[in-house]
Amino acid sequence: MNNNEILYDHFKDTVSIVKNEENKRNRMFIAIFIHLLILFLISINPESMYNTISELLKENLKTGFYFSINVFQIAVMISMLYCTIRYYQINIHIDKTYIYLHRIEEDIAEEVSQDFGREGKSYLNKYPKTLNVIYYSYKYFFPLLNTIALISRAIANNTWNNWRIKLLEVIITIVIIALNILYMIDTYNQEKE
């Protein structure tokens with residue numbers, strides 16, 4: 001196997017890894033929206049959501065499992081924090097890998113043909129505006145919308161009967177908002193370079 005074949009195999013493997021990462025990112029994106037939906041539904045009608053969740057758990061676990069709605073909200077917030085962290089880790093990894101892929105394509109193009117470029121120059125040539133909108137939605141709109149939703153919920157949520165749990169929710173909310181802001185700043189700075 002010569003160097004070009006090794007480089008091309010590495011390129012194909014890396015593209016496959018990126019596609020897998022994009023699928024994970026998309027699942028995290030949906031998971032975060034589901035978390036937000038659940039939290040807003042609890043804020044709007046806590047009693048009904050508590051009963052619905054209790055019944056679902058009772059059916060699925062085949063046991064009488066009772067919990068405080070506040071404990072459930074904190075569990076959802078912690079899960080959302082995890083999903084947010086993974087979402088940004090995956091997005092950052094995808095961005096770095098695409099930069100790496102472009103460099104590999106340039107190396108292969110020098111050795112094989114200037115027309116080589118499935119993920120690089122050929123793909124970016126006449127890049128569709130719709131894909132730009134989707135790209136910027138992942139990078140800016142989603143973190144901004146997530147931040148606004150979390151702030152709105154923290155202000156409007158009055159289902160807490162324990163100040164310690166409310167404080168924990170506020171801390172988790174602040175951490176997620178900080179992640180959103182840092183991600184948008186990092187993305188903006190990276191695009192300026």
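Any read-out appearing in this document is the output of simple, stated calculations on the displayed coordinates, not a laboratory observation. Quantities reported herein were computed from a predicted structural model and do not represent experimental measurements. Cβ atoms come from the backbone with ideal geometry, glycine included; neighbour counts cover every protein chain shown.
Can you bin region 142-185 into rounded, prolate or oblate? Criterion: square roots of the alpha carbon gyration tensor eigenvalues sorted a ≥ b ≥ c, rounded for a/c under 1.5, prolate for a/b above b/c, oblate for the rest. List each step's numbers first, then the result.
Details: a/c = 4.92, a/b = 1.92, b/c = 2.57.
Here region 142-185 falls in the oblate category.
Tell me the volume per residue, in Å³, of the convex hull enclosing the alpha carbons of the chain.
On the way: hull volume 29.6 nm³, N = 193.
In the chain, the Cα convex hull volume per residue is 153 Å³.
Expressed as a whole number of Å, what is the distance separating the alpha-carbon centroids of region 151-193 and region 21-77?
After rounding, the separation between the Cα centres reads 19 Å.
Summing -39500 (n - 2.57) over the DSSP H runs of n ≥ 4 in the chain and dividing by its residue number, what mean residue ellipticity at 222 nm do you reach, to the nearest 500 deg cm²/dmol? All intermediate terms of the calculation are to be shown ahead of the outcome.
Working: 7 runs with 158 residues, N = 193.
Helices in the chain give a 222 nm mean residue ellipticity of -28500 deg cm²/dmol.
Taking the Cβ of N2 as the center, what net charge do the other residues with Cβ under 13 Å away carry, scoring Lys and Arg +1 and Asp and Glu -1? Don't jump to the answer; show the numbers that get you there.
Values: positive: none; negative: E5, D9, E111.
Combined, the nearby Lys, Arg, Asp and Glu give -3.
Can you pick out the pairs among K24/K58; K24/K62; K24/K166; K126/K192; K19/K126; K96/K139 whose Cα atoms lie more than 26 Å from each other? Present the calculation step by step, with values, prior to reporting the outcome.
Details: K24/K58 30 Å; K24/K62 31 Å; K24/K166 31 Å; K126/K192 21 Å; K19/K126 21 Å; K96/K139 14 Å.
Distance filter (> 26 Å) returns K24/K58; K24/K62; K24/K166.
Please find the FRET efficiency linking E193 to E111, where r is the Cβ-Cβ separation and R0 is fixed at 22 Å, and quote it to the nearest 0.05. It would help to have the intermediate numbers written out before the result.
Details: r = 27 Å, r/R0 = 1.24.
After rounding to 0.05, the efficiency reads 0.20.
Where in the chain are the DSSP H helices whose alpha-carbon span along the long axis reaches 24 Å or more and whose Kyte-Doolittle mean is at least 0.5?
Numbers: long enough: 3-44 (61 Å, 0.30); 69-111 (62 Å, 0.25); 163-192 (43 Å, 0.84).
What comes out of the filter, once short or polar helices are dropped, is 163-192.
Could you compute the net charge surrounding A31? Neighbours are other residues with a C-beta less than 12 Å from the C-beta of A31; K and R count +1, D and E count -1.
On the way: positive: K24, R25, R27, R86; negative: none.
Once all neighbours under 12 Å are counted, the net charge is +4.
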